[in-house]
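S.K.: Can you read through this structure? Questions will come right after.
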Amino acid sequence: MQRELQYCSSFPSEKGVGHNDQKVLVLAATNTPYALDQAIRRRFDKRIYIPLPDLKARQHMFKARAIFVHLGDTPHNLTESDFEHLARKTEGFSGSDISVC
């Protein structure tokens, strides 16, 4: 990480979003925050926890993908219980995981 910060600050002629050379903004995201070292986690001032989708949210994602993306106007035999079954089978999946199904 230190090398990246030095690399970013080695171009004084290239200005980013701001013109303050005193601070560096680090934006990070992970699906496995527990895998990060505690020393790294405490260096981030603000943490936003976004939980995994619950059963109803996953069910809605599958329905939306079936209607708007893959199936469109094509008739299908999927019932509410089919969507619920898919949602139950995908417990622990993120929205990103479901979107590539």
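Every number in this text was worked out from the coordinates using simple rules, so none of it is lab data. Note that this is a predicted model, so its numbers are computed, not measured.
S.K.: What residues qualify as long-range amide H neighbours of SER94, i.e. H under 5 Å apart, gap of 5 or more or another chain, H built at 1.01 Å from N?
M.R.: none
S.K.: Go through the range 45-60 residue by residue and turn each phi into a ³J(HN,Hα) via Karplus (6.51, -1.76, 1.60, θ = phi - 60°); whole Hz please, and just put x for glycine and proline.
M.R.: After applying 6.51 cos²θ - 1.76 cosθ + 1.60, I find 5, 10, 10, 10, 9, 10, x, 5, x, 7, 4, 5, 5, 5, 4, 5 Hz.
S.K.: Next question. Please list, in order along the range 78-95, the HN-Hα scalar couplings obtained from phi with the Karplus expression 6.51 cos²θ - 1.76 cosθ + 1.60 (θ = phi - 60°), rounded to whole Hz, x for Gly and Pro.
M.R.: Residue by residue, the range 78-95 yields 6, 9, 4, 5, 5, 5, 5, 4, 4, 5, 5, 6, 10, 4, x, 7, 8, x Hz.
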